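Comments concern the structure below.
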Amino acid sequence: MILAAAAIFALAATAGCTIRVGDGEDDNGAQLFGDGNSLQWDLTRPIEAEPLGLPDAQLEMVDVPDDATVSLTLPSGTWSGRTEQMTVTTRRGYVDHVDLFWTEDDGQAAADRMVADSDLLGVDAALVAEWAESARWAETADVNETRHEDNYNGASGEVSTAIKPSMAVGDGPGTPVRLWYKFYVRDVVETAG
């Protein structure tokens, strides 16, 4: 969890569900999840920040409830999955990109999930399938690295995507893998404008 938070801060660089926006100082982050701990966004159209209670140009951590699910409509279909952490970055009054984080049980589970999502996200399925073998190496590797990471870029129409698996090195069989899915919608906003 600390690694994901560090990664979030290193980024510094019209919702389809009921939205409740937090306004108290005690909120941990933006309140974007609606009924049933779900969030549904259509990323094929520009999403204005203000109606969501988001600032014009800022990275916002989202308050993610337990058992949260996210559904994102892409040009090639709808991606849906659970998430443990989420950030939304806004730019010039619109959502610029969405980042989702969650943990899979091991390298094979992470590879299976990435392969299942590959066509929809426009990522090379054969390439992400290799993560299972790469993760098996990292489980028992005796190297100076503390983390084994990779990056797979793709696109679904005007929505650019990236999948970034990360795991500890040398922790033995069954080491959990942190997945980071990125959805960039800047091209959607600029094309519509």
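The values are calculated or read from the model by the stated rules, or taken from the named source; none is laboratory data. None of the values given here were measured: they were computed from a predicted structure. Cβ atoms come from the backbone with ideal geometry, glycine included; neighbour counts cover every protein chain shown. Side chains included, ligands, DNA and RNA excluded: accessible areas come from the protein's heavy atoms. Shrake-Rupley method; radii C 1.70, N 1.55, O 1.52, S 1.80 Å.
The table below lists the values:
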quantity: Whole-angstrom gap from segment 41-96 to segment 131-193, using each part's C-alpha centre; calculated: 19 Å
quantity: Label point 7 Å beyond Cα of residue 143 along Cβ direction - residues of segment 169-193 with amide nitrogen under 12 Å; calculated: 169-170
quantity: DSSP-assigned coil residues among chymotrypsin sites (Phe, Trp or Tyr not before Pro) in segment 109-193, each with at most 10 further Cβ atoms within 10 Å; calculated: none
quantity: Of the GluC sites (Glu not before Pro) in segment 130-192, those whose Cβ has at most 16 other Cβ within 10 Å and which sit in DSSP loop; calculated: 130, 145
quantity: Theoretical FRET efficiency, 1/(1+(r/R0)^6), r = Cβ-Cβ of residue 129 and residue 84, R0 22 Å, to 0.05; calculated: 0.40
quantity: Sequence ranges 84-96, 48-60, ranked by mean other-Cβ count within 10 angstrom, highest first; calculated: 84-96, 48-60
quantity: Relative contact order for segment 61-188, counting Cα pairs under 8 Å that sit 6 or more residues apart, in percent; calculated: 25 percent
quantity: For segment 39-185, accessible area per residue (1.4 Å probe, heavy atoms of protein chains only), Å²; calculated: 44 Å²
quantity: Carbon + sulfur, % of accessible area of segment 39-185 - ligands and nucleic acids excluded, 1.4 Å; calculated: 43 percent
quantity: Shape call, segment 39-185: gyration tensor on alpha carbons, a/c limit 1.5; calculated: prolate
